[in-house]
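Structure provided below as structure tokens; questions to follow.
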Amino acid sequence: MEELQSQFQIETPELPGRGDRMSEPPLKDKQEAVADILEQIKRTRQKEVPYLIYGHSMGAILGFEICHAMEKENDAPVHFVATGYPGPGIKDTPPIADLPKTEFFAEVRKLGGISDEVMQYEELLDFFEPLLRGDFGLLENKNNQTPNIKIKTPVYAVMGKNEKYALNIRNWANYTEASCECQIVNGNHFFINQNFNYLSQVIKNLMNATTAK
């Protein structure tokens with residue numbers, strides 16, 4: 001992260017219920033979440049300065065729609081990097097947000113949404129439970145389904161080979177009119193922890209290729 005920060009300005013928007021906004025109630029409407037992040041981007045955005053959007057898992061779902069929104073404002077990112085998500089339209093698992101705690105975490109674990117280390121500590125499960133239920137509830141709400149849209153931004157997608165839908169990663173090509181590069185690396189949903197240097201290099205290469213033009 002330090003190497004990236006030394007070369008680029010990095011902004012990390014936070015949704016209500018997380019980080020410095022922990023005291024705020026989590027959002028249940030995806031469009032509200034997209035609008036919230038868009039507002040944060042616009043507050044720090046310097047027009048004419050190239051930028052990319054990166055999102056992991058739910059962040060990739062939101063990032064896709066944020067790219068589309070920024071395109072409509074003629075301020076598109078130069079690239080969209082999505083990890084831990086195979087793109088819209090893939091048939092997902094049955095809803096789990098309202099399952100009892102034990103069943104809920106068993107399903108989250110199957111999906112690779114929580115590490116084995118966290119599963120060992122009840123106090124950590126208590127901490128993450130409302131956040132995870134909020135995330136899954138937001139995504140499972142039928143009113144929050146991703147619209148059938150395509151972006152004009154190039155996509156670079158990465159998934160861990162042990163993720164459930166890793167073999168569907170080429171699905172991203174159906175949702176961009178630009179180029180789409182897909183990679184599968186070793187690991188599960190948390191592959192970013194073991195492949196941070198790789199992802200950092202991907203981001204640097206994409207940004208440097210843009211500024212070199």
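Report, by residue number, each residue of the stretch 64-96 that is surrounded by fewer than 19 Cβ atoms within 10 Å (Cβ to Cβ), farther than 19 Å from residue 31 by Cα and modelled with pLDDT under 90.
90, 91, 92, 93, 94, 95 - these are the residues of the stretch 64-96 that are surrounded by fewer than 19 Cβ atoms within 10 Å (Cβ to Cβ), farther than 19 Å from residue 31 by Cα and modelled with pLDDT under 90.
Next question. Sort out which residues of the stretch 32-52 are under 15 Å from the mean Cα position of the chain (by Cα) and in contact (Cβ under 8 Å) with a residue 40 or more places away in the chain, and write them in order of number.
Once the filter is applied, which keeps residues that are under 15 Å from the mean Cα position of the chain (by Cα) and in contact (Cβ under 8 Å) with a residue 40 or more places away in the chain, the stretch 32-52 yields 33, 52.
Only one of (1) under 22 Å from residue 138 (Cα atoms); (2) in contact with a Leu (Cβ under 7 Å, 6 or more places away or on another chain); (3) free of Cβ contacts under 8 Å to residues at least 24 places away in the same chain is not met by residue 10, so which one is it?
(1) is the only condition that residue 10 fails.
Here is a follow-up. Taking the stretch 94-112, which residues are touching a residue at least 40 places away in the same chain (Cβ under 8 Å) and of a type in the set (Gly, Ala, Ser)?
97, 112 - these are the residues of the stretch 94-112 that are touching a residue at least 40 places away in the same chain (Cβ under 8 Å) and of a type in the set (Gly, Ala, Ser).
If a residue counts only when it is of a type in the set (Gly, Ala, Ser), which helices (runs of 4 or more DSSP H) contained entirely in the stretch 16-129 have at least 2 such residues?
Those helices (runs of 4 or more DSSP H) span 30-44, 58-72.
Just a yes or no: is a residue in the stretch 171-180 farther than 21 Å from residue 62 by Cα, polar (S, T, N, Q), over 16 Å from the mean Cα position of the chain (by Cα) and in a loop (DSSP other than H, G, I, E, B)?
no
Would you be able to say whether some residue in the stretch 30-39 is surrounded by 14 or more Cβ atoms within 10 Å (Cβ to Cβ) and either farther than 25 Å from residue 87 by Cβ or touching an Asp or Glu at 6+ places or on another chain (Cβ under 6 Å) (or both)?
Yes, the stretch 30-39 contains at least one residue that is surrounded by 14 or more Cβ atoms within 10 Å (Cβ to Cβ) and either farther than 25 Å from residue 87 by Cβ or touching an Asp or Glu at 6+ places or on another chain (Cβ under 6 Å) (or both).
I'd like the residue in the stretch 140-179 that is among the charged types (D, E, K, R) and touching a Gly at 6+ places or on another chain (Cβ under 8 Å) and, out of all such residues, is modelled with the highest pLDDT.
161
Then there is this: How many residues are assigned to a helix (DSSP H, G or I) and either surrounded by 12 or more Cβ atoms within 10 Å (Cβ to Cβ) or of a type in the set (A, V, I, L, M) (or both) when one looks only at the stretch 181-204?
So the answer is 11.
Please indicate, with yes or no, whether at least one residue in the stretch 53-65 is among the hydroxyl-bearing types (Ser, Thr, Tyr), within 12 Å of the chain's Cα centre (by Cα) and within 22 Å of residue 134 (Cβ to Cβ).
yes
The values are calculated or read from the model by the stated rules, or taken from the named source; none is laboratory data. In this text the structure is predicted, and so the values were computed from the model without any measurement. Positions of Cβ are backbone-derived with ideal geometry, glycine not excepted, and every protein chain shown enters the neighbour counts.
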